[in-house]
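Scroll down for the structure; my scribbles are underneath it.
FYI, it's all coordinate maths here, none of it is from the lab. Note that this is a predicted model, so its numbers are computed, not measured. Cβ atoms come from the backbone with ideal geometry, glycine included; neighbour counts cover every protein chain shown.
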Amino acid sequence: MSTKPVAVVVGVGPGTGAALARRFAEKYAVALVARRAENLKTVADEIRARGGEALEAPADVTSASAVRAAFDAIRATLGAPEVLLYNAGSGTWGTIADVTPEQFESAWRTNAFGAFLCAREVAADMVARGRGAIVFTGATAGVKAPSRSRSAPRSSRRAASRSRSRAISARAACTSRG
């Protein structure tokens, strides 16, 4: 177990996810989650080279069993997360007429369902501890009108993130009051 608080960064690629991991590694033990193990190893090695603590936890966020296994490993190795940064994202560019139902569902599974699975893994510990933070990242393409921006799958992510954030906050507030 780490003596530092634990932050989990989900969706660690070469951009925002890696930047979040590096930044949080300054004060937290950081667990890195992504499908591609090579992305995790590169960022984790960099954090460790700077004296930080990093755990690689490869997982496909669209799989409930894979997410559960990753968070079980995180809790067993580092401890219960105090911060969840959900940065995983997927999507096909196109208008509502261009995107197929299969493409939309695939994006939804990563953008919304995966976020739900990860938030579910950390919420109980955060409520029991009386503190914690869950952050869902997103691009501006997710708030533009789909007919103009060609981002139909991304705008559903943004709507789902907002709704999910409100629901988690309301549930946590109710649970923590007893």
Item to complete: Per residue of region 76-84, in order, report the coupling 6.51 cos²θ - 1.76 cosθ + 1.60 (Karplus, θ = phi - 60°) as ³J(HN,Hα) in whole Hz, putting x for Gly and Pro.
Response: 5, 8, 9, x, 6, x, 9, 9, 10
Worksheet, complete the sentence: Sorted by chain and then number, the residues having a modelled amide H within less than 5 Å of the amide H of Val135, at least 5 places away or on another chain, are Leu84, Leu85, Tyr86
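Taking square-rooted eigenvalues a ≥ b ≥ c of the alpha carbon gyration tensor, is region 1-91 rounded, prolate or oblate, where a/c under 1.5 means rounded and, failing that, a/b exceeding b/c means prolate?
Numbers: a/c = 1.67, a/b = 1.16, b/c = 1.44.
It comes out oblate by the Cα gyration axes.
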Worksheet item: Which net charge results when you count Lys and Arg as +1 and Asp and Glu as -1 among the other residues whose beta-carbon is under 12 Å from that of Thr62?
Response: 0
Worksheet item: Hey, with R₀ at 35 Å, roughly what FRET efficiency would Ala76 and Thr16 work out to, going by the Cβ-Cβ distance, to 0.05?
Response: 0.80
Response to the item:
Computed ³J(HN,Hα) along region 61-72: with the Karplus parameters 6.51/-1.76/1.60, θ = phi - 60°, integer Hz and x for glycine or proline, the list is 5, 7, 10, 4, 5, 5, 5, 4, 4, 4, 6, 4
Worksheet, complete the sentence: In whole Hz, the Karplus estimates of ³J(HN,Hα) for region 85-97 (6.51, -1.76, 1.60; θ = phi - 60°; x where Gly or Pro) are 10, 9, 10, 5, x, 8, x, 10, 6, x, 6, 4, 6
Worksheet entry | Built amide H within the under 5 Å cut-off of Ala54, gap 5+ | Val30
